[in-house]
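Below: the structure, in structure tokens.
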Amino acid sequence: MTPDDAPLTHAITGASGAVYGVRLLRALNELHVPVRLIVSSTGWRLMEEELDIVDEDDLQAATGDWSRVICHTNADRGATPASGSAPSRGMVICPCSMGTMSAVAHGSSRSLIERAADVVLKERRRLVLVPRETPYSAVHLENMLAATRAGAVVLPASPGFYHRPESIDELVEFVVGRVLTHFGLESGLGPTWGGGEARG
Ligand SMILES: Cc1cc2nc3c(=O)[nH]c(=O)nc-3n(C[C@H](O)[C@H](O)[C@H](O)COP(=O)(O)O)c2cc1C
């Protein structure tokens, strides 16, 4: 198995913007990328509040073919993503709460999501963090800097507007497309470079 065939760990945590995480999972399924999925308890709460998704059945119905999706319980720190020897394409946390950002920045490893992120960093694999908070405190900013210095990519849920989006879907796809690009996945989501049309 090459790194490009290996599963991508996708964690959904309790920041507003559950739609980003759900749309990303759908895109990964459409691209036939094997996914190891971990959802925090607050991640589930936000999916219910924002999208009426209450369990794995609802999430599956919203995200297509789950033949390559393996779900892990966030409390299970012994699951495969907790091991550096397991083949992995890397990890994305989308959306990433400031609580999880702090844990990643400080290597807390008190849940499977936190441990998996710690492992990705120690193995020098790709870790993309998609925070959604406003405004940021100095603590948030310092944690994002620490995570960046440790090797993560902080990719805020901050869609551009230069492509004149007409729907929420287009805004969401802008961010999801950027995440996928960081894993070398061409999805066609979001604007692509066309001279002066697309930036950032
Ligand atoms: C309705 C609701 C909205 C929230 N929105 C955010 C948010 O946008 N960004 C954030 O960093 N935390 C937000 N939080 C706080 C996190 O969910 C909280 O810090 C939680 O402990 C994070 O845990 P987790 O990272 O394990 O999911 C929100 C919480 C609730 C209940």
Exercise for the section: Select from VAL179, VAL139, SER158 the residue farthest towards the positive end of the dipole of the range 74-200; place +1 on Cβ of Lys and Arg, -1 on Cβ of Asp and Glu, and compute about the Cα centre. Expected result: VAL139
Exercise for the section: Rounding to the nearest 20 debye, state how big the charge dipole of the chain is about its Cα centre with +1 on each Lys and Arg Cβ and -1 on each Asp and Glu Cβ. Expected result: 940
Exercise for the section: Return the percentage of antiparallel bridges among DSSP beta bridges fully within the chain, rounded to the nearest 5 %. Expected result: 0
Exercise for the section: Starting from the Cα of GLU49, move 7 Å in the Cα-to-Cβ direction to define the label point; list residues of the range 12-38 whose amide nitrogen is under 14 Å from there. Expected result: 13-19
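Given the alpha-carbon gyration tensor of the chain, what are the semi-axes of its equivalent ellipsoid in whole angstrom, ordered largest first, with each equal to the square root of 5 times an eigenvalue?
23, 20, 18
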Problem - Fraction of the pair-distance distribution of the range 1-70 above 16 Å, Cα-Cα pairs, percent - result: 42
Problem - Neighbour-count ranking [beta-carbon atoms within 10 angstrom, fewest first] of SER108, SER97 - result: SER108, SER97
Completion exercise
Ranked on Cβ counts within 10 Å of their own Cβ, fewest leading, THR181, THR100 go THR181, THR100
Practice task
Take THR9, THR42, THR192, THR63 and order them by how many other Cβ atoms sit within 10 Å, fewest up front.
Solution key: THR192, THR42, THR63, THR9
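Every read-out reported here was derived from the displayed coordinates using simple, explicitly stated rules and does not represent laboratory data. Note that the structure is predicted; figures quoted are calculated from it, not measured. Because the Cβ atoms are built from the backbone with ideal geometry, glycine has one as well, and the counts that use them run over all protein chains shown.
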